[in-house]
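The values are calculated or read from the model by the stated rules, or taken from the named source; none is laboratory data. Since this is a predicted model, take the numbers as computed values, not measurements. Note that each Cβ is placed from the backbone with ideal geometry, even for glycine, and that neighbours are counted across all protein chains shown.
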Amino acid sequence: MTRFLLAGAAALATMTGAAMAQSSAQTTTQETTTISQPAVAPVTVSSSATTGSAMRADGDQTATRAASSTDSSGDKTETTITNTSYPLTGMITTKKTTTRIANGIATETVTTTNTYPPSAMIPPQVSTTTRNYVVGSR
């Protein structure tokens, strides 16, 4: 008999809990998420490259590589790298000139590196200069 009373009490508690759960208020939450598109990087529209080399009468050798590219926003980048070797001294000079033109303003950066032969025990010497100018002016 006790078993029947406990089973009945459990059933009553379950029904009461279910009834209480049904009578509770429901809350609805709505969230709005805005997704912004990432900025699209400019795409290269055109590019060109050229290579040249020369040997001078005194034996100095020069090799030059130049490249130019224009992206979809109209910005232009021109890079020239010239390596000159001096066989009598064993020194090599590298000159890198990069010009970036954006909105009619040019930024020119020139980096010159002098590398000496190991026997000279002189570390490479690097110098960099930068200048800005309006395109079409000097």
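The table for this structure:
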item	result
Selected residue (criterion: nearest to residue 102 (Cα to Cα)) from residues of segment 56-81 that are of a type in the set (A, V, I, L, M) and touching a Ser or Thr at 6+ places or on another chain (Cβ under 8 Å)	67
Any pair with Cβ under 7 angstrom, 6 or more apart, that starts in segment 54-81 at a residue that is in a loop (DSSP other than H, G, I, E, B) and ends at one that is polar (S, T, N, Q) and modelled with pLDDT of 90 or more	60/84; 60/85
